[in-house]
Amino acid sequence: MYAIPDCEGCGACCSFSWEWPTLIGDHDGDGIPAYLIEDGRMRCDGDRCAALAGTIGDSVHCRVYADRPLVCREFTAGSEACHAVRAHFGLDE
Ligand code: SF4
Ligand code: SF4
């Protein structure tokens, strides 16, 4: 069983792959400003989602949290994938 980290002090899953925050279906991403969407996914700067504000591993928030894509809603804090991306940024032991 993994511990559940604090997302507001992390942000790793929003920063590890520009391909990941993809919109699925017709209404996914509704409400997100057009300038943050590119080719059917969230616009990214490198691997970091452009909607992520703050400093990874310190203090972050999603600028479009209420309207965030389905893949973001389904990514579970404390899951194996969560800990894998945290480890990528040196945020896990
Ligand atoms: S990697 Fe895990 S702890 Fe970090 S922001 Fe994503 S879900 Fe939250
Ligand atoms: S839309 Fe929000 S929750 Fe999804 S990857 Fe971007 S910053 Fe993270």
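Residue-by-condition table, conditions (1) over 21 Å from Leu91 (Cα atoms); (2) near ligand 2 (Cβ under 8 Å from one of its atoms):
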residue: Gly29; (1), (2): yes, no
residue: Arg41; (1), (2): yes, no
residue: Gly46; (1), (2): no, no
residue: Cys49; (1), (2): no, yes
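Among the residues that make up the range 57-73, is at least one of them within 9 Å of ligand 2 (Cβ to nearest atom), touching a Phe, Trp or Tyr at 6+ places or on another chain (Cβ under 9 Å) and modelled with pLDDT of 95 or more?
Yes, there is a match, as at least one residue in the range 57-73 is within 9 Å of ligand 2 (Cβ to nearest atom), touching a Phe, Trp or Tyr at 6+ places or on another chain (Cβ under 9 Å) and modelled with pLDDT of 95 or more.
Just checking, how many residues over the range 49-66 are surrounded by fewer than 17 Cβ atoms within 10 Å (Cβ to Cβ) and not aromatic (Phe, Trp, Tyr)?
The initial filter retains those residues of the range 49-66 that are surrounded by fewer than 17 Cβ atoms within 10 Å (Cβ to Cβ), namely 53-55, 57-59, 61, 63, 65-66.
Retained after the next criterion (residues that are not aromatic (Phe, Trp, Tyr)): 53-55, 57-59, 61, 63, 66.
Here the count works out to 9.
Considering each residue of the range 7-21, count those that are within 11 Å of ligand 1 (Cβ to nearest atom), small (Gly, Ala, Ser) and either in a loop (DSSP other than H, G, I, E, B) or surrounded by fewer than 17 Cβ atoms within 10 Å (Cβ to Cβ) (or both), and give that number.
Of the residues in the range 7-21, 3 are within 11 Å of ligand 1 (Cβ to nearest atom), small (Gly, Ala, Ser) and either in a loop (DSSP other than H, G, I, E, B) or surrounded by fewer than 17 Cβ atoms within 10 Å (Cβ to Cβ) (or both).
Just give me the residues in the range 56-88 being without any contact (Cβ under 8 Å) to a residue 12 or more places away in the chain and not in a loop (DSSP other than H, G, I, E, B), in sequence order.
Correct list: Tyr65, Arg73, Glu74, Ala84, Ala87.
Among (1) without any contact (Cβ under 8 Å) to a residue 40 or more places away in the chain; (2) under 12 Å from the mean Cα position of the chain (by Cα), where does Gly40 come up short?
The failed condition is (2).
Of the residues that sit in the range 18-35 and are in contact (Cβ under 8 Å) with a residue 24 or more places away in the chain and more than 13 Å from the chain's Cα centre (by Cα), which one is nearest to Cys62 (Cα to Cα)?
Filtering the range 18-35 for residues that are in contact (Cβ under 8 Å) with a residue 24 or more places away in the chain and more than 13 Å from the chain's Cα centre (by Cα), the one nearest to Cys62 (Cα to Cα) comes out as Ile32.
Would you mind finding the one in Ile37, Ile24, Ile4 that is farther than 12 Å from Val85 by Cα, more than 16 Å from ligand 1 (Cβ to nearest atom) and out of contact with any Pro (no Cβ under 9 Å at 6 or more places or on another chain)?
On the way: Ile24 fails: out of contact with any Pro (no Cβ under 9 Å at 6 or more places or on another chain); Ile4 fails: more than 16 Å from ligand 1 (Cβ to nearest atom).
Exactly one residue qualifies, and that residue is Ile37.
The values are calculated or read from the model by the stated rules, or taken from the named source; none is laboratory data. Bear in mind the structure is a predicted one, so any value in this text is a computation, not a measurement. Neighbour counts run over all protein chains shown; Cβ positions are idealised from the backbone, glycine included.
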